[in-house]
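Engineer: For reference, the structure I am asking about is given below.
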Amino acid sequence: MKFRKYLLLFKINFLIFFIFHTAFCAPSQKFKITARKLEVLHTPKKILAEGDVIIQGENILIWAERVNYQLNTQYAKLENFEIFDFKNQIIIKGNVGFIDLRNDEIWADSVFIFLKKEKIRIKAIDFRKNALNEYFAKKAILTTCEMEWCGKICKKEKHYPAWSIEVEDFVLTSKGISKGKSTKFKIKKHTFIYLPKTAYIPKLSLPIGTFRKTGFLFPHIVQGNRLGVGLQIPFFWAVTDQIDFTIAPLYLSKRGFLFDIENQFRFTKDIQGLFKFRYLRDEWAESKYASEKEIKKYKWWIVGKVDYPITSNLDMHLDLDLVSEREFLEEFDVGEGGFSQSKVLFLQRFNRDIEPKTQEYRTSKFWIQYFRKSFYSRIETKYLDYHGFGDEDKILQPLFNIHFNFLPFDLFHKILTNFSLDYKYNYREEDYYGHRGNIKLEITYPFKIGYFMNSATFTYKNFFYNLENKGLFDKRNFNRNFYEIKLASYTYLVKKYLNFLHTLKPYLSFFYRREPSEKNVPQFDYEDAINSKAKIIEYGLWQFLSLPSQKNFIMIKTYQQYDFTKTEKSLTATSPEERAFSDIYFQINLNYSPYLFFRYDTAYNFYGLGFKKHSISFDLRNFIVDRLRIVYQKDTAWNTKQISFNLATYITNKIYTNMFITRNLIRDEFTERRIEINYIHKCYTLGFGIYTTPKDTKFIFGFQLKGLGGYRREF
C-alpha cells in the first residue's frame, strides 16, 4: 500500500511539473511552481493552486493567491496577483487578471504598474500586455509620486497622488514611451489642465524612458520689458534613434517670432554632434523703438560642436560659433536656445565650453590631432567672428596652424627632452599678415644632492617670419631667437608632534631669459610680445600640517620674487611695479573635508603701499547648516572692497532656503540680494524668491515635477 501511495504521489508531481514546464515557458526558458495547495482536475482538464502561489522563470516571477490554469486554452486566471519583470524592472499587480502562458500576454480590468528605473507609477484601466512586451490601457494615470492602489475606483482623497497625468488610449512600449489622445494634469483628484481630443496638438508623448521620442516638451513662458510676453512650446522630433531635432518657435509680443532649431546626433558613444540655430526678424527694427538707435532687422546665432574619433589615437573636432551681433546673445538669453541653457548643455555633452556672451569675438575652429607614445601633432584652422568697436578688417585671423610636439621623453639617462615645431598662417584685410614658424627645444635634467631635489631646464626658441603684406615694417622676413634657463631646488623637512605631522618645503628657483635677437617683430601671439631679458629669483616656503584623518589639514605658502633687471631702476622708479622686490605673497588654506574650508590670501608691498589686498573665503557645509559661505575681498590696486554672504539650509525636512547677499563696502550699497524658499516634496518642488540689484527687482517662481522637468520664471 505504501509503495502504491508513493507511486501515485510521484505521478501527480511529475504530471504537474510536465504541464507547467510545457505551458509556462518557451523552449529556452523553464518555470517552476510552488503553492500551499495544488489540485489537478481531469474534467475539465485544469490545475488549481491556492495559497502563496509562486511561478518563477528566468526573468519573471508571478505571485498570486489563487491560480486557475486551463490545459486546453493554456490560459491562467490570476487572483490578487503581482508580476515581477526582472529584465525590464517592471512590477504589475492587480485583483483579477488572465495570462496566456504561451505568448506571455496579460489582460486585466485594473492594474498598478511601477517602472523601477524611471520611478514612475501607472494605474491602468482595461489593461492588456501583448507578446511584444507592449502595454495598452483605455485610461491610465501616471505620476512619480507615491500612489496607493485601491482597485478600479478610488473614492478617498488619500488615494490620489500630489500630482498626476491622466491620459486615454495609453500605450507603453518596451522602450518606455507613453501616448494619449486626451490629457488631464491633476493636482490630487482635481483637474488643473485639460487638453481635449479636439485641441490643435498631436497626441501627447512623455519621455518617461531612457529614449526621448517624438512629441511636445515642457513649455516655456518668458517676460521682459523689451521682449514682452512670450510662449514657447518645443517639439521634439526623433528621426531615428541616432538623430533628432527640437523645433521651438518662441513668440514674443514686442519682437515677433524667435525660431529655435536644435539638431543632435550620436552614432556611437564617441561620434556625436550638436548644433543650435536661432533666428529672429525683429519687429522693433520697423517700429518707433528703433528711432534713437539703428537696430538690425535680422538677427541670428549658430553654434555647434562635433567629435569624431577616427581611430584610438586620431580624432577630429569642430567648434562653430557665429552671430549676427553680440547684443543678440545678451538681450535674448531666453527660451530653449538661450545662451545660458546652451552653455550648460555643451559643457555637459562635450566637456568644452562656449565663449562668454559679452566677448567681442566668437571663435570657430576645426582641428585634427594625432598622438602616439611621446609624439603629438595637431592641424587647426580658426576664424574669429569679431563684434567689437575696432576695425574688423584689422583683426588678425589665425587661419592655419600646424603643431608637432615630441612630449618629454628620455634621450639619455634621466634627461627629459621636449622638441616642438609650429607653423602659423595669419591673415587680415589691412596691415601686416603672413607666415610664422617656430622651433622649440627644451632639455630638463632632474638630479638629487643630499636631501635636495633639483632640476635644470634649458629652452631654446627660434622664430621665422615671412610677411605677405609687411604693413609698416621695413622688411618682409624676420628671424629672432633667445634661450631660457631655469634652475629649481626644494627639499622636505618632516617632524611629528603627537598626532600632527608637520612638513616644511622650502624652495628656490632662478629664471634667466636672454634678450631676443630681434625686438620689433610682428605679433601673432603672446610669445611675439617678449622683447626684453629677464633674470629673476623666486624663493618661498610651503608648510603642511596633517592629521591622522585629514591629509594637509592646514597649508601655508609664502613666496617673493627679486628681479635683477629692475635693480638699476629701483632707486629712481616711482611705480612699485618697477622695483626689484615684488610683493610678498601669503596664502593659508584650512581644509577639514567635507565640513570646513577656509582660505586667506594677501600681498604686502615694501614700497609704500603696505598690504595691497586681502581675500578671505570661509565655507561651512553639513554642520549646523547645510552651507554657509562668506567671502571678503579688498584690493587697493583695483579699488575694490566687498563682502558676500551665502546661506543655504533646511528649516524643516521639506522647506529649503537659499540666501545670497553681496555688498559693495566702498559705495556702501547692496549690489545683489537673492532670497529663495523652496518646498521640497518627494515628487515635486515649489520655489519662490526675490532678487534685487540697485537697478532692478525680480520676483522668482518655479516648480519642478520629479521625472518630467519643470518651469522657472523671473519677472
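Computed from the coordinates by the stated procedures, all read-outs in this text should not be read as laboratory data. Worth saying up front: this structure is predicted, and the values here are computed from it rather than measured. For neighbour counting, all protein chains shown are included, and Cβ atoms are generated from backbone atoms with ideal geometry for every residue, glycine included.
Engineer: For the stretch 214-390, with equal point scatterers placed on the C-alpha atoms only and solvent neglected, what are the log10 I(q)/I(0) values from the Debye formula at q = 0.08, 0.13, 0.17, 0.18 1/Å, to two decimals?
Structural biologist: Once normalised to I(0) and log-transformed, intensities are -0.30, -0.74, -1.12, -1.22.
Engineer: So, one more: Two-decimal Rg/Rh of the stretch 639-715 from alpha-carbon positions, Kirkwood Rh?
Structural biologist: Values: Rg = 15.0 Å, Rh = 13.8 Å.
When Rh is taken as the Kirkwood radius, the ratio is 1.09.
Engineer: By what distance, in whole Å, do the Cα atoms of the stretch 363-432 stretch along each of the three principal axes, largest value first?
Structural biologist: The Cα atoms of the stretch 363-432 stretch 54, 22, 17 Å along their principal axes.
Engineer: Work out the length of the dipole vector of the chain about its Cα centre, built from +1 on the beta-carbon of each Lys and Arg and -1 on the beta-carbon of each Asp and Glu, and round it to the nearest 20 debye.
Structural biologist: Roughly 3100 debye, rounded to the nearest 20.
Engineer: Could you pull out every residue, at least 5 positions away or on a different chain, whose amide H is within less than 5 Å of the one on THR173? Hs are placed 1.01 Å off N in the peptide plane, and Pro or chain starts have none.
Structural biologist: TYR135
Engineer: Over 20 Å between Cα atoms, which of LYS448/LYS551; LYS93/LYS116; LYS116/LYS343; LYS45/LYS77; LYS461/LYS566; LYS382/LYS519 qualify?
Structural biologist: Correct reply: LYS448/LYS551; LYS116/LYS343; LYS461/LYS566; LYS382/LYS519.
Engineer: Largest first, please: the extent of the C-alpha atoms of the stretch 456-604 along each principal axis, to the nearest Å.
Structural biologist: Result for the stretch 456-604: principal-axis Cα extents of 71, 37, 30 Å.
Engineer: Please order HIS681, HIS190 by the number of other Cβ within 10 Å, starting at the fewest.
Structural biologist: Ordered by Cβ neighbours within 10 Å, fewest first: HIS190, HIS681.
Engineer: Count charges around LEU48 for me, please; just the other residues with Cβ under 9 Å from its Cβ, Lys/Arg as +1, Asp/Glu as -1.
Structural biologist: +1
Engineer: Ignoring the sites themselves, what is the longest stretch of the chain with no GluC sites (Glu not before Pro) in a DSSP loop and at most 11 other beta-carbon atoms within 10 Å?
Structural biologist: Answer - 295-567.
Engineer: Calculate the dipole size of the stretch 639-715 relative to its Cα centre from +1 charges on Lys and Arg beta carbons and -1 charges on Asp and Glu beta carbons; express the result in debye to the nearest 20.
Structural biologist: Rounded to the nearest 20 debye, it is 180 debye.
Engineer: Quick one: order TYR423, TYR75 by neighbouring beta-carbon count within 10 Å, fewest to most.
Structural biologist: Fewest-to-most Cβ neighbours within 10 Å comes out as TYR423, TYR75.
Engineer: I'd like the distance between the alpha-carbon centres of the stretch 312-354 and the stretch 253-285, rounded to an integer number of Å.
Structural biologist: 11
Engineer: Would you work out which of ASN469, THR491, PHE510 lies farthest towards the positive end of the dipole of the stretch 400-522, given +1 charges on the beta-carbon of Lys and Arg and -1 on that of Asp and Glu, about the Cα centre?
Structural biologist: THR491
Engineer: Separate question: I'd like the distance separating the alpha-carbon centroids of the stretch 369-409 and the stretch 66-97, in whole Å.
Structural biologist: 65
Engineer: What translational diffusion coefficient, to the nearest whole µm²/s, does the stretch 433-538 have by Stokes-Einstein, given a Kirkwood radius computed over alpha-carbon pairs, a temperature of 4 °C and 1.567 mPa s viscosity?
Structural biologist: 77
Engineer: Given the rule -39500 (n - 2.57) for each run of at least 4 DSSP H residues, summed and divided by the residues of the chain, what is its mean residue ellipticity at 222 nm, to the nearest 500 deg cm²/dmol?
Structural biologist: That calculation yields -2000 deg cm²/dmol at 222 nm.
Engineer: Going by amide H atoms built from the backbone, whose H comes under 5 Å of the H on LYS706, apart from near neighbours?
Structural biologist: Answer set, sorted by chain and number: TYR684, THR685.
Engineer: Neighbour counts of other C-beta atoms within 10 Å: give me MET659, MET147 arranged from fewest to most.
Structural biologist: With the fewest neighbours first, MET659, MET147 line up as MET659, MET147.
Engineer: How large is the convex hull of the Cα atoms of the chain per residue, expressed in Å³ as a whole number?
Structural biologist: 300
Engineer: On to the next question. For the chain, what's the relative contact order in percent, using C-alpha pairs closer than 8 Å and at least 6 residues apart? Intermediate results must be reported in sequence, preceding the final value.
Structural biologist: Working: 1753 pairs, mean separation 27.6, N = 715.
For the chain, the relative contact order is 4 percent.
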